[in-house]
Amino acid sequence: MKIEFSSLEESAASFILSDVSIAFANALRRAMTSEVMAFAIEDVKIYDNTSALFDEILTHRLGLIPLVTDPDNFVPRSQCSCDGTGCPRCTVTLTMSVEGPCVVMSGDLVSQDAFVQPAEDKIPIVKLEKSQKVVIEAQAYMERGIEHAKWSPVTVCGYKNYPAITHDERCDGCGLCVEVCPKDILQVKGSVIGVKDGVLELCSLCRLCELACLNSGIGNEPAIHIGMDERKFLFTVESAGALPTVGIIKHGLLFLKNHSDELHEALSEIRG
Amino acid sequence: MIPVRCFTCGKVISTVYEEYKRRRDANEDPKKILDDLGLDRYCCRRMLLTHKEIIDELNPYQ
């Protein structure tokens, strides 16, 4: 397995994963979306809510706020020694007490933990008029994205095969495929077709160029061929804010490693 | 209130709504505002484009 980053920021990353099977690439994608743990608000005690929003809507909005997660210093509630009742090892309490007129922002949440904080301070929760009040106490804990999308650390997480564009000797450089390409990556080089420098990865494998080539009356087979590398994938990962993209990729890979180790052990036990 | 996240992809879009509203009311082209705010996908763009703020209409009926 080889990973080559083409861009890497806290909030978004794209990389080329090569020398792996399609099954592995998809396993990594699924691990990142639904198995990497992140903090989110789950239980809310409402002491006072005289705003125009119902309690349920208020809590739903609170749940969707991404919280910065520190997976190394907390344990998932399902594996915690407190048996799911909530303790400082697995749960973070956030409180909020606001009186209008104002717009309640995610920055108004006061977390008991210095690290687990709302990822963004400017998420509006509810607009309060004069004398309206919101007083709440919320409990947040780590869970997997498979339970609810609010616990998923990623927004966009996907891959596509690495494109391979070739042409055969029948290509006469007529340029019909250049015109139809929606990504504008083809050009006529001399008397044949070629890909512009550095834009091959933009190809969406739509095959409009093959169609245009066929329509030029070249025969039953187009002269341009859109293929793909079966062991090379272009990944895009975007973070929701709970974890940096590097952390998401790292924990996704760790999850796969731990699970394959478990499977390996189980198989060795059966074999005796 | 503007939804916290995009319904489709889950990106947090509510943070940019204030700026979007301010610039839209100043008659700026929505396409340019959305491009500036870094909303590339059409799922996130429609969240702002099609939002109708009704919290001020609900407030009197507390």
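Where a number appears in this text, it was derived from the coordinates with a stated rule and is not lab data. Quantities reported herein were computed from a predicted structural model and do not represent experimental measurements. Heads up, the Cβs are rebuilt from the backbone with ideal geometry, glycines too, and the neighbour counts pull from every protein chain shown.
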Anisotropy class of the protein assembly as shown from Cα gyration tensor, a/c 1.5 cut: oblate
Out of A:Cys209, A:Ile165, A:Ala119, whose Cα points farthest toward the positive end of the dipole of the protein assembly as shown (charges: +1 Lys, Arg; -1 Asp, Glu; placed on Cβ)? A:Cys209
Taking square-rooted eigenvalues a ≥ b ≥ c of the alpha carbon gyration tensor, is segment A:101-216 rounded, prolate or oblate, where a/c under 1.5 means rounded and, failing that, a/b exceeding b/c means prolate? prolate
Would you list which aspartates and glutamates come within 12 Å of B:Lys21, measuring only between C-alpha atoms, while excluding same-chain residues fewer than 8 positions from it? B:Asp29, B:Glu53
If a cysteine in chain A has no other Cys Cβ under 4.7 Å from its own Cβ, put it on the list, ordered by number. A:Cys102, A:Cys157, A:Cys171, A:Cys174, A:Cys181, A:Cys203, A:Cys206, A:Cys213
What length, rounded to one decimal in nm, is gained on full extension from A:Glu169 through to A:Leu214, with 0.36 nm per residue of separation minus their alpha-carbon distance? 14.7 nm
For an R0 of 41 angstrom, estimate the FRET efficiency from the Cβ-Cβ distance between B:Glu18 and A:Asp83 and round to the nearest 0.05. 0.40
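Let me spell out the model: positive unit charges on the Cβ of Lys and Arg, negative unit charges on the Cβ of Asp and Glu, origin at the Cα centre of segment A:118-248. What dipole size does that give, in debye rounded to 20?
Charge dipole of segment A:118-248: 480 debye, to the nearest 20.
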Within a Gaussian network of chain A (alpha carbon springs, distance under 10 Å), most fluctuating of A:Gly173, A:Gly84, A:Gly217: A:Gly217
Counting other Cβ atoms within 10 Å, keep those with at most 16, restrict to DSSP loop, and tell me which trypsin sites (Lys or Arg not before Pro) in segment A:26-132 are left. A:Arg89, A:Lys122, A:Lys130
Enumerate the helices in chain A for which the Kyte-Doolittle hydropathy averages -1.0 or more and the C-alpha atoms extend at least 27 Å along the helix's axis, using complete DSSP H runs. A:245-271
Could you please state, rounded to a whole Å, how far the C-alpha centre of segment A:85-124 is from the C-alpha centre of segment A:6-54? 20
Go from 0 up to the bin containing the longest alpha carbon distance in segment B:14-61, width 10 Å each, and give me the % of pairs per bin. 24, 53, 18, 5
Dipole check, segment A:8-135, charges on Cβ (K,R +1; D,E -1), about Cα centroid: among A:Leu67, A:Thr93, A:Ile46 the Cα furthest to the positive pole belongs to A:Ile46
Cα gyration tensor shape for segment A:205-254, rounded if a/c is under 1.5, else prolate or oblate: prolate
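Under a Cβ-only charge scheme (Lys and Arg +1, Asp and Glu -1), can you give me the dipole magnitude of segment A:37-151 about the Cα centre, in debye to the nearest 20?
Using only the charged Cβ atoms, the result is roughly 160 debye.
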Cα-centred dipole magnitude for chain B, charges only on beta-carbon of K, R (+1) and D, E (-1), debye, nearest 20: 280
Of the residues A:Val180, A:Leu200, A:Gly219, the Cα lying farthest along the dipole of the protein assembly as shown towards its positive end, which is defined by charges on the beta carbon of Lys, Arg, Asp and Glu, belongs to A:Gly219
Please report how many Lys pairs in segment A:172-272 have alpha carbons closer than 27 angstrom, counting only residues at least 8 apart along the chain or sitting on separate chains. 6
